[in-house]
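The values are calculated or read from the model by the stated rules, or taken from the named source; none is laboratory data. No experiment lies behind these values; they were computed from the predicted model shown. Quick reminder, even Gly has a Cβ in these numbers, built from the backbone with ideal geometry, and neighbours come from all protein chains shown. The accessibility values were calculated without ligands, DNA or RNA, using every heavy atom of the protein model including side chains. Shrake-Rupley method; radii C 1.70, N 1.55, O 1.52, S 1.80 Å.
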Amino acid sequence: MDTNTKEKTPVIEFKDFQFQYFSQAEPTLYDINLTINRGEKVLLVGPSGSGKSTLGHCLNGLIPFSYKGEIKGSLKIMGQETKEMDIFRLSKMVGTVLQDSDGQFIGLTVGEDVAFALENDCVELGKMRETVQKVTDIVDMGELLKSSPFELSGGQKQRVSFAGVMVDDVDILLFDEPLANLDPATGKTAIDLIDRVWRDEDKTVIIIEHRLEDVLYRDVDRVIVVSEGRIVADMSPDELMAADILPGLGIREPLYVTAMKYAGIKVTPQMHAGRLDTLDIERIREPLLAWNRAQEKKEKSPERPAIFQANHISFQYTKKRKILQDISFTIREGEMVSVVGTNGAGKSTLAKVICGFVKEDQGKLYYGGEEMSDWTIKERSARIGYVMQNPNQMICKPMIYDEVALGLRIRGVPEEEIEPKVDKALKICGLAPFKKWPVSALSFGQKKRVTIASVLVLEPQILILDEPTAGQDYHHYTDIMEFLKSLNSQGVTIIMITHDMHLMLEYTPHAIVISGGKKIGDASAVEILTDEKIAEQANLKVTSLYELALKAGIEDPTSFVQNFIDHERGTRHNEIETV
């Protein structure tokens, strides 16, 4: 949709807007002057704590109705001052799809949930059914009206949330981190759906999202960059890629743009680098080819001994529901391995089998060549640590020291031996200054480190982490991954369940792919993410580096991706050495 050809009618107008939460000493938003016009699609990005989510809360009425604070300046939506409106009237103008779809469900079935707003408005039953069918057909959920929302996949849940918002026929759609809990291919489908509704239904769309490259898979009119409560950029994607401001703000730019910079290419708006599909490849083909030829080939490291093996593992919760089917793989000492696949593929169940939380139906597990069938959960936890995705589901003590010491105390370790072990774990995790702090005073990322410390204190040889970087901006993502890399360098074997393809590429040389409970890939991360067949089967997405190499006519695109990763690792190592 070319909004430049349409008359620009403002639907959102911030003027000298400022907001300060009552619980905060300083404002979260400063001097916001921003106009969004009817029919625009706008992407809002910024590091964690930048204020982008607060901006979203101002738009949908959660501020000031749920989150109290002081507002200065003006915010008008559809020409009306929001501080003079109530949240009900705002909800009829701005529909919000939350990051956590489960928190948005009310009905027992898809149909009931989508109809909720219409029931509140006392819409006649026949009209209600017609409207529900129409909006669920738009989001491709019209045949699942009698299904429970909680039995759906992550992508389907999001579609139901989307339909529940659209049923009111709102003019403005706000998506808060729509890709956070979705695998790459489902995320791509979600962006397609948002794009289709934007075009076909003539909506104004605002997307708040960390995953910039994934959103820019489809057209976006403007990208608004927020940092420290202020708008620092408001420009087209092509202009933003040329401005070179994202890395300095801790926001990951698209991988293909980084590859262009490694090749010495100065990115300009005329290259149309805002989307890979629009990139003027003729301008950059020769420098890319020259850079790729100049890269030195790295020798393979010698193979290490196996630390863990799974031989023909199968598991099912019920007779009808097979979760894992005949899975075999080997993990070697000191490896960093990613386990990837679509939502519901069986990745987390595999981790539960390894840790002994559930018992395999067939097959055998081996640790250091020793069969684990008779090992208790306690015996396994002494060698294999498991860190859940959400730290709040693991932490059970109010104080940091007590949380990290808990595992040792349960094992009856004398108190005088516990403190040095806890101190060591806290130091490794960068938490030594917080030893006597309450857990409640920590950020989400710091809580994640507490859970890792509580596992590390038991000195496991293998550490399994479920989505270690979920919901983290690029700065915090890098902190967590470099920390895990340092643990790995000290001899800890690390297995990561992840949806993050960049994490998989940059940090885990070995990748195992699960789809429908079966292993369909077991190779280097580069080989997996340049294999279109495996990517399609497992709901992955081939890396944009591979697509860039194909567009540029590079004979061996897999080698190009490997060259990029080697260069990136070397660059990051040098940056850390400098610091």
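Can you list residues whose amide H is under 5 Å from GLY107's amide H, if they're 5+ apart or on another chain and H is modeled 1.01 Å from N?
Amide H to amide H, under 5 Å and 5 or more residues apart or across chains, GLY107 pairs with ASP113.
At 7 Å along Cα-to-Cβ for each site, give me the label-to-label distance between ASP140 and GLU532 in nm.
1.9
How high is the relative contact order of region 358-483? Use alpha-carbon pairs under 8 Å, at least six apart in sequence, and give a whole percent. Numbers along the way, then the final one.
Details: 135 pairs, mean separation 44.5, N = 126.
So the answer I get is 35 percent.
Which residue, SER515, LEU408, VAL387, has the largest displacement toward the positive end of the dipole of the chain when charges sit on each Cβ (Lys, Arg +1; Asp, Glu -1)?
LEU408
Hey, what do the phi angles of region 525-537 turn into as Karplus ³J(HN,Hα) couplings, whole Hz, using 6.51/-1.76/1.60 and θ = phi - 60°, x for Gly and Pro?
Those phi angles translate into 4, 5, 5, 5, 7, 10, 9, 5, 5, 5, 4, 5, 5 Hz.
In nm, to one decimal, how far is the LYS68 label point from the LYS435 one, both placed 7 Å along Cα→Cβ?
With each label point 7 Å from Cα toward Cβ, the separation is 3.9 nm.
Looking at PHE434, CYS355, LEU458, which one has the Cα that reaches farthest to the positive end of the dipole of region 327-459 (charges on Cβ: Lys, Arg +1; Asp, Glu -1)?
With unit charges placed on the Cβ atoms, the residue in question is PHE434.
Tally up the carbon and sulfur contribution to the accessible surface of region 191-309 as a whole percent, 1.4 Å probe, everything protein left in place. Working shown, then result.
Numbers: 2590 of 5580 Å².
Ligands and nucleic acids excluded, carbon and sulfur give 46 percent.
State in Å² the accessible area per residue of the chain; use a 1.4 Å probe, count heavy atoms of protein chains only, and round to the nearest integer.
Solvent-accessible surface per residue comes out at 45 Å².
Would you calculate a helix-derived [θ] at 222 nm for the chain, using -39,500 (n - 2.57) for each DSSP H run of n ≥ 4 and dividing by the full residue count, to the nearest 500?
Numbers: 22 runs with 219 residues, N = 579.
When only DSSP H runs of four or more count, the value is -11000 deg cm²/dmol.
Count the DSSP beta bridges whose two residues both fall in the chain, then state the antiparallel fraction as a percent rounded to the nearest 5. If you can, show how the numbers build up before the last one.
Details: 43 of 77 bridges.
Looking only at bridges with both residues in the chain, the antiparallel portion is about 55 percent.
Taking only C-alpha pairs under 8 Å that are 6+ residues apart, what is the relative contact order of region 35-124 in percent? Don't skip to the end; give the middle numbers.
Numbers: 39 pairs, mean separation 15.6, N = 90.
Across region 35-124, relative contact order equals 17 percent.
After finding the eigenvalues of the alpha carbon gyration tensor for region 253-390, what semi-axes result from the square roots of 5 times each, listed largest first in whole Å?
Numbers: eigenvalues 398, 83, 34 Å².
Each semi-axis is √(5λ); the values are 45, 20, 13 Å.
Long-range amide H contacts for SER515: which residues qualify at under 5 Å (H placed 1.01 Å from N, peptide plane, sequence gap of 5 or more or a different chain)?
For SER515, the qualifying residues are ILE520.
Ignoring ligands, DNA and RNA, what percent of the 1.4 Å accessible area of region 479-519 is carbon and sulfur? Show your work: numbers first, answer last.
Numbers: 550 of 1050 Å².
Exposed carbon and sulfur together represent 52 percent of the surface.
Could you grab the relative contact order for the chain? Cα pairs under 8 Å, six or more apart, rounded to a whole percent.
Working: 1040 pairs, mean separation 74.5, N = 579.
For the chain, the relative contact order is 13 percent.
Rank by packing, highest mean first: peptides 342-352, 190-200, with packing defined as the count of other Cβ atoms within 10 Å averaged across residues.
Numbers: 342-352: 20.9, 190-200: 17.7.
Order by mean packing, descending: 342-352, 190-200.
What does the charge dipole of region 363-481 about its Cα centre add up to, to the nearest 20 debye, if the Cβ of each Lys and Arg holds +1 and the Cβ of each Asp and Glu holds -1?
200
What Kirkwood hydrodynamic radius do you get for region 378-499 when you take the inverse of the mean 1/r over all pairs of distinct Cα atoms, in Å?
Working: mean 1/r = 0.0695 Å⁻¹.
About 14.4 Å, per the Kirkwood formula over Cα pairs.
Could you give me the radius of gyration and the Dmax of region 74-222, taking only the C-alpha atoms into account and expressing both in angstrom?
15.2, 44
Choose one of GLY229, LEU365, GLY69: the residue whose Cα lies farthest towards the positive end of the charge dipole of the chain (beta-carbon charges +1 Lys, Arg; -1 Asp, Glu; about the Cα centre).
Checked the options; the winner is LEU365.
For region 399-416, just list the computed ³J(HN,Hα) in residue order, Karplus coefficients 6.51, -1.76 and 1.60, θ = phi - 60°, integers in Hz, with x standing in for Gly and Pro.
10, 4, 4, 5, 5, 6, 7, 4, x, 5, 5, 4, 7, x, 5, x, 4, 5
If I compute solvent accessible area with a 1.4 Å probe over the protein chains, what percent of it on region 1-89 is carbon and sulfur? Show your work: numbers first, answer last.
Working: 2020 of 4320 Å².
Carbon with sulfur: 47 percent of the solvent-accessible area.
Listed here are the pairs LYS424/LYS541; LYS319/LYS448; LYS359/LYS518; LYS52/LYS541; which of them are more than 29 Å apart at the Cα? Provide the component values of the computation, followed by the final result.
Working: LYS424/LYS541 40 Å; LYS319/LYS448 36 Å; LYS359/LYS518 17 Å; LYS52/LYS541 27 Å.
Listed pairs above 29 Å: LYS424/LYS541; LYS319/LYS448.
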